[in-house]
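Nothing in this text is a laboratory measurement; each read-out follows from the coordinates by a stated rule. Since the model is a prediction, treat every value here as computed from it, not as a measurement. With ideal geometry, Cβ positions are generated from the backbone for all residues, glycine too; neighbour counts draw on all protein chains shown.
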Amino acid sequence: MMDASWIAIAAENELAPGQMKRINAAGKRLLLCNADDKPYVVDEMCSHEDYSLFLGCIQNGRIKCSLHGSYFDLKTGQPETGPADKPIRSYPVEIKDGQLWVCPR
């Protein structure tokens, strides 16, 4: 059940697979990512060098930082390759009434 902390961020079919959208929600810089037709929301900035992951790419359920090549799992936020060794945050996403909703708490 969604409460008032959930924010509508995009139409359900707004992004094609492999696309991203920058979002500001609850004072946080987030990225909405479509990986194989599944929506994910993660922190926009890489945990290694405060660099926007929006400039990277999505592959196999992961997002790549284009600065140093680190990959992060979109579901968990865990780094899969160095040099990043700290996770990015992943946020819950729901689909309701044709909209994508995120809980940025």
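What the table below lists for this structure:
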read-out	value
Cα-projected label distance for ALA26 with ILE95, points at 7 Å along beta-carbon direction, nm	2.3 nm
Cysteines (scope the chain) whose Cβ has no counterpart Cys Cβ under 4.7 Å	CYS33, CYS57, CYS103
Listed residue (TYR71, CYS46, VAL102) projecting farthest to the positive dipole end of the chain, Cβ model	CYS46
Sequence of ARG62, ARG105 once ranked by neighbouring C-beta atoms within 10 Å, starting from the fewest	ARG105, ARG62
Two-site FRET efficiency, GLN59 against ALA4, from Cβ-Cβ distance with R₀ of 35 Å, rounded to 0.05	0.50
Computed over the chain, the ratio Rg/Rh where both radii use C-alpha atoms and Rh is Kirkwood	0.96
Estimated dipole of the chain in Debye, rounded to 20 [Cβ of Lys and Arg +1, of Asp and Glu -1, Cα centre]	140 debye
